[in-house]
Structures are given as C-alpha cells and as structure tokens.
1. Go through K180/K240; K54/K156; K157/K209; K180/K246; K145/K174 and tell me which ones have a Cα-Cα distance over 24 Å in this structure.
2. Over the stretch 104-256, average the accessible area per residue using a 1.4 Å probe and give it in Å², no decimals.
3. Using the basic label-point model (7 angstrom from Cα toward the beta carbon), what is the I45 to D238 distance in nanometres?
4. Can you bin the stretch 189-256 into rounded, prolate or oblate? Criterion: square roots of the alpha carbon gyration tensor eigenvalues sorted a ≥ b ≥ c, rounded for a/c under 1.5, prolate for a/b above b/c, oblate for the rest.
5. How charged is the neighbourhood of R2? Take every other residue with its Cβ under 13 Å from the Cβ of R2, and add Lys/Arg as +1 and Asp/Glu as -1.
6. Hand me the trypsin sites (Lys or Arg not before Pro) from the stretch 1-51 located in a DSSP loop with no more than 14 other Cβ atoms within 10 Å, in residue order please.
7. Could you work out the longest stretch of the chain that avoids the GluC sites (Glu not before Pro) located in DSSP loops with at most 16 other Cβ atoms within 10 Å?
8. Ranked from the most accessible area to the least, with a 1.4 Å probe and all protein chains present, what is the order of F136, F130?
Amino acid sequence: MRILVTNDDGIHAGGINALIKSLGEIAEVYVAAPDRERSGTGHSITVFEPIRVKEIKVPLAKKAWIIGGTPVDCVKLAMSKLVEEVDLVVSGINHGPNLGTDVLYSGTVSAAAEGVIMGAPAIAVSLDCFDEEPDFAYAAEFARKVVKMAFEKGIKKTTLLNINIPAVKLEDIKGIRVTKLGVRNYENLFEERKDPRGNTYFWLGGGIKEEQQDEDSDVLAVKEGYISITPIHLDLTDYKLLNEYKKYFTKDFIKK
C-alpha cells in the first residue's frame with residue numbers, strides 16, 4: 001500500500017509528522033508537503049512561477065520532498081512526477097477544524113480533492129484545536145484505523161472523506177457520526193492599516209458566526225464531542241436545477 005501524505009501547515013508541522021509516524025507503521029509512505037504554512041489557499045495552483053522541490057529525509061517515510069508551492073501543487077506534482085503509483089492520499093493532520101463551507105477554503109481538503117482528481121481515493125484529517133502545542137496522537141491513531149478499514153473493506157477511487165476530530169481526551173469522545181457539511185460563516189472584518197510608506201493595506205480577521213445547524217451536520221457533531229466523517233464528492237452540479245432549466249433554455253429561447 002502506497003500512501004501520499006501532504007498538508008497545508010507545512011512540512012515541519014506537528015500534525016503531518018504525527019500522521020507520517022502513524023501511517024508509516026502500516027504502509028509505504030511518501031511525503032510531499034509545502035515549505036511553509038499554506039492555510040486557506042483552497043484549490044489554488046502555481047502557474048506563473050517555478051515550483052522548487054527538495055528531497056529530504058523523514059523518519060518512517062520511504063521518500064519525502066519539500067515543495068515550494070500550494071498543497072494542491074504538492075499532490076499534483078507528486079502523483080505526476082515523483083511517486084510512481086499512489087493508492088491513497090492522506091492530507092493533514094490540520095491544526096484547526098475544516099468544517100462545513102470551510103472545505104472550499106481549506107488547503108488540507110483541497111489537497112485531498114486533488115488526489116481524487118488525479119485518480120486516487122483521499123482522506124483529509126483535521127483536529128479541532130488552536131492550541132500552540134496540540135496533541136495529535138489520537139487523531140493520528142484514528143486516521144490509521146480509517147486507512148486500514150478502507151483497504152480491508154475496499155475503497156473507490158472517487159472517495160473523499162473529510163474527518164474532523166474534537167480536541168478532547170479519548171475517554172471524552174462520545175462516538176463517531178457520519179455527517180453532511182454544515183454551515184460555516186465568518187464575520188470577515190477587514191482592518192485598514194498603513195505601511196511605513198503610508199500606503200493602505202487590509203488585514204482580514206473576524207470570528208465564526210453562530211449559525212443554526214442541521215442535526216446531521218459536521219459542525220454540530222464536533223461541537224457535541226463526536227468525531228465527524230463527511231463523504232464529499234467533487235461534482236458540484238445542481239441536478240434538480242439542471243432538469244428544471246432544461247425546460248426554459250431550449251432552441252426557442254435563442255429566437256426570442
């Protein structure tokens with residue numbers, strides 16, 4: 001079993017190193033991760049400048065590379081040029097949750113999504129914690145269990161699982177919920193500042209808005225102390241609207 005491990009917190013982050021250590025005990029692990037933190041980059045790719053690559057030694061990894069690009073660059077480059085064959089992409093462990101509409105901004109989830117686009121099933125793993133030195137040990141252990149189950153039971157190449165784990169003691173985790181994406185919005189407060197030359201720039205901040213959540217949402221599950229596992233697919237087509245619009249956008253519409 002060949003696993004490609006990546007993240008958006010950078011190659012030196014605690015989460016990815018815990019993940020490598022855990023998965024390296026059960027599989028052949030390859031690592032391709034950004035040279036620095038790339039949180040919030042979504043599915044961006046690098047097209048107007050070169051992508052630098054440096055091979056390094058990482059314990060329990062068959063091979064590892066520092067990539068001077070986005071998380072999606074890491075997966076795209078690794079699966080195209082660096083690793084001969086990848087059976088599974090695992091992205092994380094992210095320092096902080098990726099819930100609800102966060103998945104559209106998340107470099108962690110986008111890296112996993114790129115794995116699916118490139119033809120391998122993928123898992124994104126996040127820990128709901130912003131402490132300076134979080135304990136990733138249980139999250140890494142849980143990720144290993146999910147990976148083992150996926151290969152024992154079989155996993156489709158189109159599979160993308162988004163896992164969020166509460167930052168509580170193992171005995172305080174209430175269980176696991178298979179969830180849908182919830183609602184996750186932010187205040188989006190832009191603070192206006194001046195640089196030393198007197199030019200205006202803006203710094204984005206703002207906290208999370210409290211939103212009403214469905215009972216089966218990932219946001220509510222993690223809030224209530226459950227591990228959330230959300231199956232995600234990449235087809236964004238609104239099929240109900242597609243069929244409805246077929247009635248209106250006919251050849252006659254052009255002639256009107």
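The values are calculated or read from the model by the stated rules, or taken from the named source; none is laboratory data. All of these numbers come straight from a predicted model, not from anything done at the bench. In this analysis, Cβ positions are derived from the backbone assuming ideal geometry, glycine residues included, and neighbour counts consider all displayed protein chains. Each accessible area value is taken on the protein alone, full model and side chains, heavy atoms only, with ligands, DNA and RNA left out. Shrake-Rupley method; radii C 1.70, N 1.55, O 1.52, S 1.80 Å.
1. Long pairs (Cα-Cα over 24 Å): K54/K156; K157/K209; K180/K246.
2. That works out to 68 Å² for each residue.
3. Simple spin-label model gives 2.7 nm for this pair.
4. On the way: a/c = 3.63, a/b = 1.31, b/c = 2.77.
Oblate, since a/c reaches 1.5 and b/c is not below a/b.
5. Once positives and negatives cancel, what remains is -2.
6. Answer by residue number: R36.
7. Maximal segment without exposed cleavage sites: 133-186.
8. Numbers: F136 20, F130 150 Å².
I get F130, F136, largest accessible area first.
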